């Protein structure tokens, strides 16, 4: 009864179907936007974690350097009152690590020697100096170094047996130099202090500003979509106007990391999907109206036919009843056939646009910015290949930069070697080094740490390339063997060999001599002599051994690691 009333009013039917079409488009667009925000949030957290790990790793290098330099023999002698200056040691370390300054102080904070001249210690560093004077590692940051320059600093105590803290070694990190490597990258990344002020960022216009929802230098309007917050803001031409904020606390460096993920691509994709859903709903509405009008027309024809039949004789009543039944069956069969054809047609019509949307969604932003719609077909294959390769390299860089602190576990040794070769391939190719490596046919699992073991392999490959820099034949040979519960990795080069194999793993002992070229500048970096010493400690932490010795063609290093035990059921 209700359907007949609706069918009797064309305007009411058009209005209802129009409302349904709009509701479908809005619902699809909202669902797509919410789903896109969830995926964008996950991707943003991954990008932020990568950026945070990168900064932490960069700062950790200086932290480790401060602790190692604190035990340098010349620095210890100067701390005991020796008159000989250690400025050359501090200056060389600052030059090699690009530190802002390195200084040696008394436990009270009086400067004894410094790599670069400085009159007063920044006030922001005084709490860290006081903490280091108590025997702990002090660290902090501030904007009052020199001419209001940003710096992150580590203050390590120089501790001698039976004398306690005799001096302090402070390393000041140049934040401007750290930012230079990733300034302008996407997404917009910033690091906040405890006052919500931007201390580090890859967007220079945000530095020093205070983040706040209502007041402050960086205001924003908060919006919520299905529990996911996103901001509308106006912070400059290089910051998205609508962004999804993600945060991560970094207690180890005393900062809070934040990222602004551009919401515009998700909104554009949601609008396209909403429009497509609206078109489909409108097509369905037209089909429904067509079916209703056809049914109405058939009803009129049936009524006319019945009126004519009633005027005929009684003898035609039986035939008329049979005709009506056949007519009803025919109408039902026609409807079923139409529905079958409609279903097949919709399936075909849906398949092609969905495939096109999938490809268009990946490239919509680039096409909208550049307006190169004609070049899309030729660029898709190239963009896909590049994306696959970039994904693999980023995955390896991140794994390598991650600050691993987990205990030793089961590690695929062959995959670690492949990662190390991937990370050093550019250097080896540039220097003309030939790599001779044939991995075993079966996987080799050892006990170790994935990131730390990769660091050992990268150190060995890089040292081999340094040793062969001036040799006519440059060949790097890598071999993996297993026996008696031990895996042995052998790395051989065709360099000049090791001058003193017994001291190769001592801290601050370097085999690289500074050799001036014809112009008088140093062409070979002598290094600080810490790479092999760190590798020695890492291998020992896995329960393994590392050894270096000379061979007929050059030098060789062997790394022995315990194999991961195989369960009895798998033997």
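None of the figures in this text is laboratory data; all of them are computed from the coordinates on show. Not measured: the values here are computed from a predicted model. Positions of Cβ are backbone-derived with ideal geometry, glycine not excepted, and every protein chain shown enters the neighbour counts.
Computed values, structure above
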quantity: Peptides 455-462, 281-288 ordered by average Cβ neighbours within 10 Å, highest first; calculated: 455-462, 281-288
quantity: Tensor-based shape of segment 142-293 (alpha-carbon gyration tensor, a/c under 1.5 rounded, otherwise prolate or oblate); calculated: prolate
quantity: Förster-model FRET efficiency, 35 Å R0, residue 137 and residue 83, C-beta, rounded to 0.05; calculated: 0.80
quantity: Gap separating the Cα centres of segment 114-129 and segment 530-546, nearest whole Å; calculated: 34
quantity: Cα centroid of segment 439-457 to Cα centroid of segment 25-41, whole Å; calculated: 42
quantity: Whole-Å distance, taken between Cα centres, linking segment 72-113 and segment 219-286; calculated: 50
quantity: Sequence-separation-based contact order of segment 71-178, relative, with Cα cut under 8 Å and 6+ spacing, percent; calculated: 25
quantity: Inter-probe distance in nm under a simple model that places probes 7 Å from Cα toward Cβ, at residue 91 and residue 205; calculated: 4.2
quantity: Peptides ranked, highest mean first, by Cβ atoms within 10 Å: ranges 441-450, 227-236; calculated: 441-450, 227-236
quantity: Rounded FRET efficiency, nearest 0.05, which uses the C-beta distance separating residue 224 from residue 279 and R0 of 25 Å; calculated: 0.25
